[in-house]
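Engineer: Before I ask anything, let me first share the structure, which is written out below as structure tokens.
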Amino acid sequence: MRRCAPPRETVQGDAVSRLMPLSPATLRALPETRALIDSPGWSGLLNYAASTRAGPVLFIQTIHSHATAGEDDPQTELHSDTFYPSMKAWLYLHDVPVEDGPFVYVPGSHRATPRRLWWERASSLSWREGNGHHRRGSLRISGEMLRRLGYGPPVTYAVPANTLVVADTYGFHARGPSSRPSTRVALWAQQRRNPFLPWTGLSPTSLPAVRDRQVVAFWGLADRLARLGLGKQTWHDTGAVSPMDPPGGGGGGGPPPRPPRPPRGGGRRRAPPPPPPPRPVNPG
Ligand SMILES: [Fe+2]
């Protein structure tokens with residue numbers, strides 16, 4: 001695995017996320033993983049949830065919860081990633097009990113109902129009221145607003161090892177709050193595409209040779225733009241670390257280590273103020 005792309009880390013709140021790209025060199029060392037991601041059953045399921053046959057970006061993902069000083073992990077707030085169907089999948093490599101912050105999803109919230117569309121428009125008009133994620137289009141939602149939109153309560157998916165979870169992340173979802181410091185490792189896929197293309201195929205990333213190189217190419221471009229002062233690179237090279245290693249990396253230029261702090265009892269931070277309540281338009 002000498003030519004494997006090194007993992008990168010980023011910090012969000014008190015959580016450290018690490019991504020190890022499944023590049024061609026990495027996949028040569030992981031033949032079983034390559035057989036899985038090239039199988040029709042895997043790609044068919046992911047394509048269906050993503051509403052596109054564009055190839056996913058693929059990683060070994062590590063989430064260290066309560067790993068640094070900082071605010072609560074912003075990904076523990078219920079939110080939608082996009083305003084159109086998009087997909088994330090996790091094949092968990094170990095058990096994820098409820099104490100370790102399993103995936104949370106609001107069933108049925110991937111459907112664009114009239115109330116949902118009204119809320120999205122209202123949110124777009126009041127975008128300044130939310131946090132940075134909300135302002136960039138990953139809309140946060142409160143429990144009260146979920147009820148007003150007609151959705152049921154979130155479901156927590158505490159799962160055993162070797163479980164595959166596939167979600168349309170247009171639906172409302174979150175990382176569950178961890179009640180203790182934890183590390184979650186999964187084979188992770190993300191798939192989304194320009195929603196204004198009126199076809200589902202004809203994407204170069206559907207070819208494995210392109211699919212497996214797109215992340216490293218994108219990170220390299222982001223690095224160059226950051227050096228030119230034209231952008232910001234938030235994913236830092238960790239050097240040679242394994243998915244289960246503690247955060248901080250191998251000294252490859254990652255974020256400075258910060259002391260961990262005890263969990264705050266698993267409590268979830270309040271969502272930002274919701275936009276004005278939607279007046280149901282054709283609620284039936
Ligand atoms: Fe998300």
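Every number in this text was worked out from the coordinates using simple rules, so none of it is lab data. As the structure is a computational prediction, the values presented were derived from the model and not from experiment. Heads up, the Cβs are rebuilt from the backbone with ideal geometry, glycines too, and the neighbour counts pull from every protein chain shown.
Engineer: Net charge within 13 Å of Leu202 by Cβ-Cβ distance, Lys/Arg positive one each and Asp/Glu negative one each, not counting Leu202 itself? Kindly include the intermediate steps, with their values, before the conclusion.
Structural biologist: Working: positive: Arg53, Arg193; negative: none.
Around Leu202, the surrounding residues sum to +2.
Engineer: Which of Leu27, Pro204, Ala186 sits closest to the plus end of the dipole of the stretch 8-237, meaning its Cα is farthest towards the positive end, when Lys and Arg get +1 and Asp and Glu get -1 on the C-beta?
Structural biologist: Comparing the listed Cα positions along the dipole, Pro204 ranks first.
Engineer: Would you please name the trypsin sites (Lys or Arg not before Pro) within the stretch 109-163 that are DSSP coil residues with at most 16 other C-beta atoms within 10 Å of their C-beta?
Structural biologist: Arg111, Arg136
Engineer: To one decimal place, what Kirkwood hydrodynamic radius in Å is obtained for the stretch 40-89 from all pairs of distinct Cα atoms?
Structural biologist: By the Kirkwood definition, the hydrodynamic radius is 13.5 Å.
Engineer: Something else about it: With unit charges on the beta carbons (Lys and Arg positive, Asp and Glu negative) and the dipole taken about the Cα centre of the stretch 125-190, which residue among Phe172, Gly130, Leu149 sits farthest to the positive side?
Structural biologist: About the Cα centre, the residue reaching furthest to the positive side is Gly130.
Engineer: Could I ask something else about it? Hand me the GluC sites (Glu not before Pro) from the stretch 1-84 located in a DSSP loop with no more than 13 other Cβ atoms within 10 Å, in residue order please.
Structural biologist: Glu71
Engineer: So, one more: If amide hydrogens are placed 1.01 Å from N in the peptide plane, which non-local residues have theirs closer than 5 Å to the one on Leu139?
Structural biologist: Ser80
Engineer: Further question: Rg(Cα) of the chain divided by 2.2 N^0.38 Å?
Structural biologist: Cα Rg divided by the expected 2.2 N^0.38 Å: 1.01.
Engineer: If you average the C-alpha positions of the stretch 26-80 and of the stretch 130-207 separately, how far apart do those two centres end up, in angstrom?
Structural biologist: The distance from the Cα centre of the stretch 26-80 to that of the stretch 130-207 comes to 11 Å.
Engineer: Considering the chain as a Gaussian network with a 10 Å cut-off on Cα pairs, which listed residue, Leu149, Leu230, Leu36, attains the greatest mean-square fluctuation?
Structural biologist: Comparing Leu149, Leu230, Leu36 in the GNM, the peak value goes to Leu230.
Engineer: If you don't mind, another one. Give the calculated FRET efficiency between Leu30 and Arg224 to the nearest 0.05, with a Förster radius of 41 Å applied to their Cβ-Cβ distance.
Structural biologist: Here the calculated transfer efficiency is 0.90.
Engineer: Moving on. Return the loop-located trypsin sites (Lys or Arg not before Pro) in the stretch 1-91 (DSSP other than H, G, I, E, B) with at most 13 other Cβ atoms within 10 Å of their own Cβ; answer none if there are none.
Structural biologist: Numbers: sites: Arg2, Arg3, Arg8, Arg18, Arg28, Arg34, Arg53, Lys88; in loops: Arg2, Arg3, Arg53.
For trypsin sites (Lys or Arg not before Pro) across the stretch 1-91 that sit outside H, G, I, E and B with at most 13 neighbouring Cβ atoms in 10 Å, the list reads Arg2, Arg3.
Engineer: Taking the chain as a Gaussian network, Cα atoms linked when under 10 Å apart, which of Gly108, Gly55, Gly130 shows the biggest mean-square fluctuation?
Structural biologist: Gly108
Engineer: Which of Gln75, Pro6, Pro107 sits farthest toward the positive end of the charge dipole of the stretch 1-137, with +1 on the Cβ of Lys and Arg and -1 on the Cβ of Asp and Glu?
Structural biologist: Pro6
Engineer: Where the only charges are on Cβ atoms (+1 Lys, Arg; -1 Asp, Glu), what is the dipole of the chain about its Cα centre, to the nearest 20 debye?
Structural biologist: 720 debye
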